[in-house]
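See structure below.
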Amino acid sequence: MKNVDRELIINLIKLFKGMYAIIASNPNNDINYGMRTIKNMVQYLEMELTNDTIGYEELVSEIARKYKSMFPPRGGLSEFYIWDDNYEIRYQANHEYDQIKSQIEAILSKYKLCH
């Protein structure tokens, strides 16, 4: 695996961990699948970073497929929104979540498998 590919994987791991932290701090029943999927993707990426058993494109393609599964047309993370009575806190939290999603999707979109 090339160094640039390793850096992108490390970045994906950080982004997914950030996404998980945000989601976990705003729990509801609709996000359980998303939380499990994120944990599985992070473990898969970390394992592949160590073992380097499949190619980068195949790895990212698999991660993109799993990521997309967290955003069904209704429910899941498609409708995830952080609520706080304080507008500024609510805005900042949702903005941070949206930024993480955008960065993940930018990496995965190269494989045209992201929504």
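Structural remarks
- Sorted on the mean count of surrounding Cβ atoms within 10 Å across their residues, most packed first, peptides 47-55, 91-99 read 91-99, 47-55.
- For the chain, the longest principal axis of the C-alpha atoms and the axis of helix 87-108 are separated by about 20°.
- Using a cutoff of 8 angstrom between alpha carbon atoms and counting only pairs six or more residues apart, the relative contact order for the chain works out to 35 percent.
- Dividing the helix sum by the residues of the chain, where each DSSP H run of 4 or more adds -39500 (n - 2.57), gives a mean residue ellipticity at 222 nm of -23500 deg cm²/dmol.
- Where N is the number of residues in the range 22-97, Cα Rg divided by 2.2 N^0.38 Å: 1.32
- Local net charge near A93, Cβ-Cβ under 15 Å (Lys/Arg +1, Asp/Glu -1): -3
- Length gained when the stretch V4-E79 is fully extended (0.36 nm per residue, less Cα-Cα span): 23.7 nm
- Neighbours of L77 by Cβ distance under 10 Å: Lys/Arg scored +1, Asp/Glu scored -1, total -1.
- Residue pairs, from the table K66/K101; K2/K68; K2/K110, whose Cα atoms sit over 19 Å apart: K2/K68
Every read-out reported here was derived from the displayed coordinates using simple, explicitly stated rules and does not represent laboratory data. Note that the coordinates shown come from a computational prediction; the quantities given were computed from them, not determined experimentally. Using ideal geometry, Cβ is built from the backbone for each residue, glycine included, and neighbour counts are taken over all protein chains shown.
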